[in-house]
Amino acid sequence: MTRLISSTLLFMLLLSACGRKDNYRDIDPDKIKPWVPKAEPLSQYGNHSPYRVHGKVYQVNNNPVGFAQTGKASWYGKKFHGRPTSNQEVFDMYKLTAAHKTLPLPSYVEVTNLKNDRQIVVRVNDRGPFVGDRIIDLSYAAAKALDFVNDGIADVHIRVVHSPKDLVENPIKQGLTYLQLGAYSDKNAAYNLAKKTSELLGIETFVTILTTHAGALHRVRIGPISSEQKVNTLLNKITSSGIPDAKVITE
């Protein structure tokens, strides 16, 4: 009798496990809506840098143009479905999204499964994975599209195809007026200031690179600015926000 009860309990547990697995809606990879990559505004949340997880410090890559990486990909699904991502969007495991430790949010990344050459574009809106040597964590839909749901892990190559527009290196137009907030040999210092200004003031801020005999100089700027009155207003606003070295530049 005891053996019969044990067998019945085991059968019920197996049924329950199968039911949990069936919570994943079967989707046709060819019918998953693709992204049209574009330069979006930098997310207000999720781009703090540096940040620490499990005792390790990570620095957000503020200049990801040309960024590429090869390594292990994992995927995540129903445990996080409907929960907020690092940039406070809602995670939808049926969309082509991803988590990355250092890319600015949001970024668009082309992912190639090196086992079968399947290729998709995902939108990075979350932080992670913080497990082992994995370089990217993909949504269930992305893993389905790349055909590694059952494997759980895949060898992939990723490359950035679009990053937030606040991080684009804008060209300067001659004869116009700009505000320069600072100039740095360290590109990360420049991009951190550009990001800080954009987040604090809601002003699109960009970085231009000047090559000198001493190396590259990364200049953080706002503009062009159309009037002297607007220049003075912006200067006061920037100075009162704790950025003291802003000055007027006319190219």
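The values are calculated or read from the model by the stated rules, or taken from the named source; none is laboratory data. Since this is a predicted model, take the numbers as computed values, not measurements. As a convention, Cβ positions derive from the backbone with ideal geometry for all residues, glycine included, and neighbour counts pool all protein chains shown. To get the accessible areas, we keep the full protein, side chains included, count just its heavy atoms, and leave off ligands, DNA and RNA. Shrake-Rupley method; radii C 1.70, N 1.55, O 1.52, S 1.80 Å.
Using a 1.4 Å probe over the heavy atoms of the protein chains, calculate the carbon and sulfur portion of the accessible area of the chain as a whole percent. If you can, show how the numbers build up before the last one.
On the way: 7450 of 14050 Å².
Here carbon and sulfur together make up 53 percent of the probe-accessible area.
Report the net charge of residues surrounding Val231, where surrounding means a beta-carbon distance below 13 angstrom and charges are Lys +1, Arg +1, Asp -1, Glu -1.
+3
Per DSSP H run of n ≥ 4, the term is -39500 (n - 2.57); total these for the chain, divide by its residue number, and report the mean residue ellipticity at 222 nm rounded to 500 deg cm²/dmol.
About -7000 deg cm²/dmol.
About the Cα centre of the chain, what is the dipole size in debye to 20, counting +1 per Lys and Arg Cβ and -1 per Asp and Glu Cβ, all else neutral?
That gives the chain a dipole magnitude of about 500 debye.
Excluding ligands, DNA and RNA, what is the solvent-accessible area per residue of the chain at a probe of 1.4 Å, expressed in Å²? Numbers along the way, then the final one.
Values: 14050 Å² over 251 residues.
That works out to 56 Å² per residue.
For the stretch 94-229, which semi-axes, largest first and in whole Å, follow from the square roots of 5 times the eigenvalues of its Cα gyration tensor? Present the calculation step by step, with values, prior to reporting the outcome.
Values: eigenvalues 283, 47, 34 Å².
Listed largest to smallest, the semi-axes of the stretch 94-229 are 38, 15, 13 Å.
Around Val53, with a cut-off of 10 angstrom between Cβ atoms, what is the net charge of the other residues, counting Lys and Arg +1 and Asp and Glu -1?
+4
Can you name the helices of the chain, as whole DSSP H runs, whose Cα span along the helix axis is 20 Å or more and whose Kyte-Doolittle mean is not below -0.5?
Counting only whole DSSP H runs, the qualifying helices are 2-21.
So if a site counts as exposed when it's one of the trypsin sites (Lys or Arg not before Pro), its DSSP state isn't H, G, I, E or B, and it has at most 16 other Cβ atoms within 10 Å, what's the longest stretch of the chain without one?
Here the longest run is 174-251.
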